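A short write-up of the structure that comes next.
Bear in mind that the values in this text are calculations on the coordinates, not laboratory data. In this text the structure is predicted, and so the values were computed from the model without any measurement. Cβ placement follows ideal geometry from the backbone for every residue including glycine, while neighbour counts extend to all protein chains displayed.
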Amino acid sequence: MTALIEDHALVGDLHTAALIHRGGSVTWQSLPDFDSPAAFASLVGTPEHGSWDVRPAASDAQVRRRYLPGTLVLETIWTTLDGQVRVLDFMPTRPPGQGNPQLIRIVHGEHGVVPMSSRILVRFAYGKVEPRLVRHPHQFGGDRYAAFAGPDALYLDASIALSKRQDGIVEADFVVRAGERQVLALSYQPSHLPAPPRPDPAAALESTIGFWSDWSARSTYSGPYQEAVQRSLITLKALTYAPTGGMVAAPATSLPEEIRGERNWDYRYTWLRDAAIALSVLVLTGHLEEAAAWRDWLARAIAGDPATVQIMYSIKGGRDLPESTLHHLPGYETSQPVRIGNGAAHQPQLDVFGEVLDAFHLAEEAGLAPCDDAFALQSALLAQVEARWHLPDAGIWEMRGPERHFVHSKVMGWVAADRMVRRIESGHATGPVEKWRKLRDAIHADVCAYGYDPVRNTFTQSYGSVELDASLLLIPLVGFLPPDDKRVIGTIEAIQHELATGDGLILRYRTAGAATGADGLTGDEGAFLACSFWLVEALTMIGRTAEATRLFEKLLALANDVGLLAEEYDCVARRQLGNFPQAFSHFALVSAALRLASPEQTAARDEALVLDTAGA
């Protein structure tokens, strides 16, 4: 069975997460944290690199899935000729930094008699390390196996008998009848500590459902596309590391942007850009607690020295993310290399300052309590914009080719200055406002002079370039120019003409195919879903709402059966590409839904952002 990217669902506990294939197999799980080595890595390897199957023994069983409403509890209904079972997969939530991860799988008999099987193969260190297996039978029924390797241990508890095969697989064949329940639970524990207590699955399920239901109920969004928005918000929350407030871009590594291509990256880190934009949509939907936690995370990560700010950090705020290749893994559908770490961590990317300061601005406008230390941090970040805005950088897409004067980077430098000016003008802070106004105006004039092609009536990817870039769609969204400006309309239409696929989805930029392109990479990639959602917003802003709605609903139809989106979409092969689920795609979905749901409200907000640029 081909494990398509979109055939997976996500479960997590706000410390780490697991990906579960619709065929019943856990194909990825890092333990104990998002950025820890994986104990199940078959997603980018083979089943021998770690996997856990729970499914009916019948090969022709039919399956349908959903999340229990408002939660991250996955329900899978298996139907065979002999009967039907319901499997609930979840990771119990727990207080930040307390306890250890558990993955619980509860099998309920719905009707008839269904033979089931469980096969688990643990391989620590991304599939390299075979553990020592030890059986610990329970005095009061059930069975337990422990897997030990170095600092790590996993304990498999089952309400049915387990047995160990010669190849290291721990298996169980069992029958579930109507009204019966069987449980399998996997608990992580550092190997030097005593064995953990056997989980209480009923209590864990109740508390997990309660946590997610309560969190979902705090959302203030009540417009159209409610289900898709709620699922996206839950996904963004699930990608948050509760102990620190950092948010990973995705829970796994090296799912390819092109099958058998080299565009495979480790996304289990906190990008300032991604987290800031994601938290902006959480703020707009009533989740201020996440914004406060992220603000505290940022202050700790930067550690008082904004001059050395990175564009990404570990979920705990660490700076060292060395990129390396796992040569023993063949890659997802032989897409190599499989990477851990991320070499883009030390790239200069001017735009992150704008995204961060915009997120602070939105959070404070929405009611996040002002903080003197936060404003000092924002001022220090803007000082970095002042020092760097005229320099080339690697851009929003983390180009691995030569640094350039990317238009989007400059625009976001303008955003950084603009939001600080507005903060002072609102009377909520004091600072050198006239100096910052001059900085804002200088960046604006520079972009309009050197980043705009008057012959084609479009902004370009970088100064002196003829190429386009989907990030230019953000020009009206951030208030750099009003949506009725001819340069904005021309840019939107040029992007539709030059970067759209036959389905109307949007590429980030044109790649070079087999040759090494300006981004320093070979090969191509799919349509970038966040960019396509940006087009929805841009079209709405220029009054083409019907067209925007059609595109938005087309994008929603690309989500998998449980509402999740990867980073990209292959319009030829009709499949999702890139790391999954991707925070970037889901916060862009929410932002587009907000704009479609309240065009008058968002138009008023946009108008308040736009400067008088008549002379620009």
- request: Would you mind computing, in nm to one decimal, how far apart the modelled labels at Arg66 and Thr308 are, each placed 7 Å from Cα along Cα→Cβ?
  value: 5.2 nm
Signed unit charges on C-beta, dipole axis of the chain, positive-most listed residue Leu121, Ser465, His287: Leu121
message: Could you compute the net charge surrounding Met91? Neighbours are other residues with a C-beta less than 12 Å from the C-beta of Met91; K and R count +1, D and E count -1.
response: 0
query: In the range 78-162, which chymotrypsin sites (Phe, Trp or Tyr not before Pro) are in a loop and have at most 10 other Cβ atoms within 10 Å, using DSSP for the loop call?
result: Phe140
- prompt: How big is the gap, in Å, between the Cα center of the range 90-155 and the Cα center of the range 323-353?
  reply: 30 Å
- line: Over all Cα pairs of the chain, the Kirkwood radius sets Rh, and Rg/Rh then becomes 0.98
task: With runs of 4+ DSSP H residues as the only contributors, calculate the mean residue ellipticity of the chain at 222 nm using -39,500 (n - 2.57) per run, divided by the residue total and rounded to the nearest 500.
output: -10500 deg cm²/dmol
- prompt: Quick one: Cys571, Cys531, fewest Cβ neighbours within 10 Å first, how do they rank?
  reply: Cys571, Cys531
message: What number results when the radius of gyration of the range 77-136, computed over Cα atoms, is divided by 2.2 N^0.38 Å?
response: 1.56
message: Under 5 Å between amide hydrogens, which residues at least 5 positions from Gly246 or on another chain qualify, with H placed 1.01 Å from N in the peptide plane?
response: Tyr241
statement: Karplus ³J(HN,Hα) for the range 121-136 (6.51 cos²θ - 1.76 cosθ + 1.60, θ = phi - 60°; Hz, whole; x = Gly/Pro) runs 10, 8, 9, 6, 6, 6, x, 8, 10, 8, x, 8, 9, 10, 8, 10
query: Which of the residue pairs Lys128/Lys164; Lys316/Lys554; Lys128/Lys316 have a Cα-Cα distance greater than 31 Å in the structure shown?
result: Lys316/Lys554
message: Taking 8 Å as the Cα distance limit and 6 or more residues as the minimum spacing, I'd like the relative contact order of the chain as a percentage.
response: 12 percent
Where a label projected 7 Å from the Cα of Arg574 along Cα→Cβ would reach, residues of the range 235-260 with amide N under 19 Å: 259
Pairwise FRET efficiency - Glu227 versus His390, Cβ, R0 = 45 Å, nearest 0.05: 0.45
task: State which helices in the chain qualify, where a helix is a whole DSSP H run, it must extend 20 Å or more along its own axis by its Cα atoms, and its mean Kyte-Doolittle hydropathy must be at least 1.0.
output: 583-597
field: Euclidean distance of C-alpha centroids, the range 205-232 and the range 387-415, integer Å
entry: 37 Å
field: Semi-axis lengths (Å, descending) of the ellipsoid that matches the C-alpha gyration tensor of the range 5-192
entry: 25, 19, 16
